[in-house]
Amino acid sequence: VDLIANKDGERRLVQCKHWRTWVVQERVVREMLGSMAHFQVSAGAIYTLKGWTKPAAEFARQHGIGLLDAAELTRRSLERLNASQLDELLKPREHHCPKCESPMILRTGDFTAFWGCSAFPRCRGKMNHAGAR
Ligand SMILES: [Zn+2]
């Protein structure tokens, strides 16, 4: 969860993590529902640039979670956030190499994107795209 927004006294969870690179899967929406329960919040929204799967959309609809694409995000953001807040929100999270602690760089492989160590080829540290080791 990236932030808890207050609007008209209603708390709302917002998830933008990886929004540029993920097609939202049902799993992500389920996790969102879990977070909403945890924070005792009744509304949630997931921002994505790449869209979502059908099961994800169905699950989201059933549980009142908003799935918002880039156009919608831009429209809403302009209403609520200033440019630097939006930048902050959408900035990729920094990762550090599990082997040498150098900053990681997002690389696009043949089949998938992954985080590679900036010290490559000296260091071959890698993480999967979600930032897991
Ligand atoms: Zn490294």
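The values are calculated or read from the model by the stated rules, or taken from the named source; none is laboratory data. All of these numbers come straight from a predicted model, not from anything done at the bench. FYI the Cβ positions are ideal-geometry reconstructions off the backbone, even for glycines, and counts take in every protein chain you see.
Observations on the model:
- Among the residues making up the range 48-65, a single one is touching an Asp or Glu at 6+ places or on another chain (Cβ under 8 Å), exposed (fewer than 15 other Cβ atoms within 10 Å of the Cβ) and small (Gly, Ala, Ser): GLY51.
- Restricted to the range 1-50, the set of strands (runs of 3 or more DSSP E) holding at least 2 residues that are modelled with pLDDT of 75 or more comprises 10-15, 43-47.
- Of the residues making up the range 16-32, those that are farther than 19 Å from PHE114 by Cβ and touching a Phe, Trp or Tyr at 6+ places or on another chain (Cβ under 8 Å) are CYS16, VAL24, GLU26, VAL29, ARG30.
- Which numbered condition ARG133 misses (of (1) modelled with pLDDT of 75 or more; (2) within 16 Å of the ligand (Cβ to nearest atom)): (1)
- The set of residues from the range 51-96 being closer than 30 Å to CYS117 by Cβ, modelled with pLDDT under 65 and of a type outside the set (A, V, I, L, M, F, W, C) comprises SER84, ASP87, GLU88, LYS91, PRO92, ARG93.
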